[in-house]
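Novice: After the C-alpha cells below, expect a handful of questions from me.
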Amino acid sequence: VINPDSKISQLSLLTPPEKNQILCKWNDNKTNYPRNKSIHQLFEEQVEKSPNATAVIFKDQILTYQELNQKANQLARYLQKLGVKLETFVGLYVESSFEMIIGLLAILKSGGVYVPLDSNYPQERLNFILEDTAISILLTTKFLSNKLPFNNAKIVDLSNHNSFNSFPLHNLNVTVKSYNLAYVIYTSG
C-alpha cells in the first residue's frame with residue numbers, strides 16, 4: 001500500500017520489529033561457560049540439578065542423568081584401577097550405544113584422554129591410530145574386539161558390566177583442569 005509499484009517479490013512478509021526478533025533476539029544464544037571446569041564437571045552439575053531427568057534415549061531404553069553418572073563413575077574407577085591417570089590415552093571403539101556415552105564420560109572422569117575409533121574406519125587407519133597414540137587401554141565390546149589388530153592395549157569389554165559394576169557410584173575426586181587434554185581426534189585431512 002505504501003509503494004504500489006513494488007514487485008511482490010520485493011515486499012517483506014515481516015515488519016522490522018518481527019524481523020529483528022527472529023533474526024537477532026531469538027538467535028542471541030551466547031553463553032559464558034565457566035573456563036575453569038571440565039566437561040564432566042559441568043555434566044555432574046546437571047546431574048545435581050535434575051538427577052531423574054532423561055539424559056539419553058537409545059532405541060527403547062532410557063537412562064536418567066543419575067543412572068548415566070553412576071555407571072560412568074563405576075567405569076572410571078575401574079579405568080583408574082587399570083592405570084588410567086591424567087592424560088592417559090584411552091581408545092573407545094564401540095558402535096552408537098549407551099556404552100559409547102558411558103565410556104566417553106568415564107574416560108573424562110578418570111582423567112584420561114578420549115581417542116575415538118570408528119568401526120567404519122579401514123583396518124590400516126585403525127592400526128595407524130592405535131600405534132600413533134600408543135593406547136594402553138581400549139574400551140570396546142566383545143563383538144568389535146575381534147575386528148581390531150592385536151596390540152598391547154588392555155581390552156575392556158563394555159558389554160560385560162560385571163568387571164566394573166561393583167565399584168562405588170559417587171563422583172570421583174580427580175583434579176582435571178581446563179588446560180588438560182580431553183580428546184585426540186584424527187581427521188582425514
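The values are calculated or read from the model by the stated rules, or taken from the named source; none is laboratory data. Since this is a predicted model, take the numbers as computed values, not measurements. Every residue, glycine as well, gets a Cβ built from its backbone with ideal geometry; the counts of neighbours run over all protein chains shown. Areas reflect the complete protein model, heavy atoms only, side chains present, ligands, DNA and RNA absent. Shrake-Rupley method; radii C 1.70, N 1.55, O 1.52, S 1.80 Å.
Novice: Hey, any hits in the range 3-25 for a residue that's under 22 Å from Ser110 (Cβ atoms), open to solvent by 80 Å² or more (accessible area, probe 1.4 Å) and either at pLDDT 90 or above or in a helix (DSSP H, G or I) (or both)? Spell out how you get there, then give the answer.
Specialist: Within the range 3-25, the first condition is being under 22 Å from Ser110 (Cβ atoms), and the residues that meet it are none.
Looking through the range 3-25, none of the residues is under 22 Å from Ser110 (Cβ atoms), open to solvent by 80 Å² or more (accessible area, probe 1.4 Å) and either at pLDDT 90 or above or in a helix (DSSP H, G or I) (or both).
Novice: Which of the residues belonging to the range 46-82 are basic (Lys, Arg) and under 21 Å from Thr175 (Cβ atoms)?
Specialist: If we filter the range 46-82 for residues that are basic (Lys, Arg), which is where we start, we get 49, 59, 71, 77, 81.
Within the range 46-82, Arg77, Lys81 qualify.
Novice: Scan the range 144-186 for residues that are of a type in the set (A, V, I, L, M), open to solvent by 40 Å² or more (accessible area, probe 1.4 Å) and modelled with pLDDT under 85 and jot them down.
Specialist: Going residue by residue through the range 144-186, those that are of a type in the set (A, V, I, L, M) are 144, 148, 153, 155-156, 158, 169, 172, 174, 176, 181-182, 184-185.
Still in the running and open to solvent by 40 Å² or more (accessible area, probe 1.4 Å): 155, 169, 181, 185.
None; the set is empty.
Novice: For the range 179-189, which positions are assigned to a loop (DSSP other than H, G, I, E, B) and in contact with a strand residue (DSSP E or B) (Cβ under 8 Å, 6 or more places away or on another chain)? Write out each step before concluding.
Specialist: Pass one, the range 179-189, residues assigned to a loop (DSSP other than H, G, I, E, B): 179-182, 184-189.
Within the range 179-189, Leu181, Ala182, Val184, Ile185 meet the criteria.
Novice: Cβ-Cβ under 8 Å, sequence separation 6+ or interchain: first residue in the range 122-141 and more than 21 Å from Leu86 (Cβ to Cβ) and open to solvent by 10 Å² or more (accessible area, probe 1.4 Å), partner outside any loop (DSSP other than H, G, I, E, B) and charged (D, E, K, R). Which pairs?
Specialist: If the second residue must be outside any loop (DSSP other than H, G, I, E, B) and charged (D, E, K, R), the pairs left are Thr141/Glu99; Thr141/Asp157.
Novice: What helices (runs of 4 or more DSSP H) completely inside the range 90-178 contain at least 3 residues that are more than 19 Å from Leu63 (Cβ to Cβ) and charged (D, E, K, R)?
Specialist: Helices (runs of 4 or more DSSP H) meeting the threshold: 123-133.
Novice: How many residues are of a type in the set (S, T, N, Q), open to solvent by 10 Å² or more (accessible area, probe 1.4 Å) and in contact with a strand residue (DSSP E or B) (Cβ under 9 Å, 6 or more places away or on another chain) when one looks only at the range 95-121? If you could, list the steps in order and put the result at the bottom.
Specialist: Narrowing the range 95-121 to residues of a type in the set (S, T, N, Q): 96-97, 110, 119-120.
Remaining after also requiring open to solvent by 10 Å² or more (accessible area, probe 1.4 Å): 96-97, 119-120.
Next, from what is left, pick out any that are in contact with a strand residue (DSSP E or B) (Cβ under 9 Å, 6 or more places away or on another chain): 96-97, 119.
Result for the range 95-121: 3.
Novice: Looking at Lys30, is it open to solvent by 70 Å² or more (accessible area, probe 1.4 Å), not in a loop (DSSP other than H, G, I, E, B) and not hydrophobic (A, V, I, L, M, F, W, C)?
Specialist: no
Novice: Let me ask something else. Could you identify the single residue in Leu92, Leu42 that is under 22 Å from Gly111 (Cα atoms), surrounded by 19 or more Cβ atoms within 10 Å (Cβ to Cβ) and aliphatic (A, V, I, L, M)? Talk me through it step by step, then tell me what you get.
Specialist: Details: Leu42 fails: surrounded by 19 or more Cβ atoms within 10 Å (Cβ to Cβ).
Leu92 is the lone residue from the list that is under 22 Å from Gly111 (Cα atoms), surrounded by 19 or more Cβ atoms within 10 Å (Cβ to Cβ) and aliphatic (A, V, I, L, M).
Novice: Looking at (1) over 17 Å from Asn173 (Cα atoms); (2) basic (Lys, Arg); (3) not in a helix (DSSP H, G or I), can you tell me which one Lys85 breaks?
Specialist: Looking at each condition in turn, Lys85 falls short on (1).
Novice: I want to confirm something. Restricting to the range 60-80 and keeping residues that are over 24 Å from Ile137 (Cβ atoms) and under 18 Å from the mean Cα position of the chain (by Cα), which single residue is surrounded by the fewest Cβ atoms within 10 Å (Cβ to Cβ)?
Specialist: So the first thing to find is which residues in the range 60-80 are over 24 Å from Ile137 (Cβ atoms), and the list is 60-62, 64-66.
If we keep only those that are under 18 Å from the mean Cα position of the chain (by Cα) as well, we get 62, 64-66.
Working: Ile62: 12, Thr64: 16, Tyr65: 20, Gln66: 16.
Filtering the range 60-80 for residues that are over 24 Å from Ile137 (Cβ atoms) and under 18 Å from the mean Cα position of the chain (by Cα), the one surrounded by the fewest Cβ atoms within 10 Å (Cβ to Cβ) comes out as Ile62.
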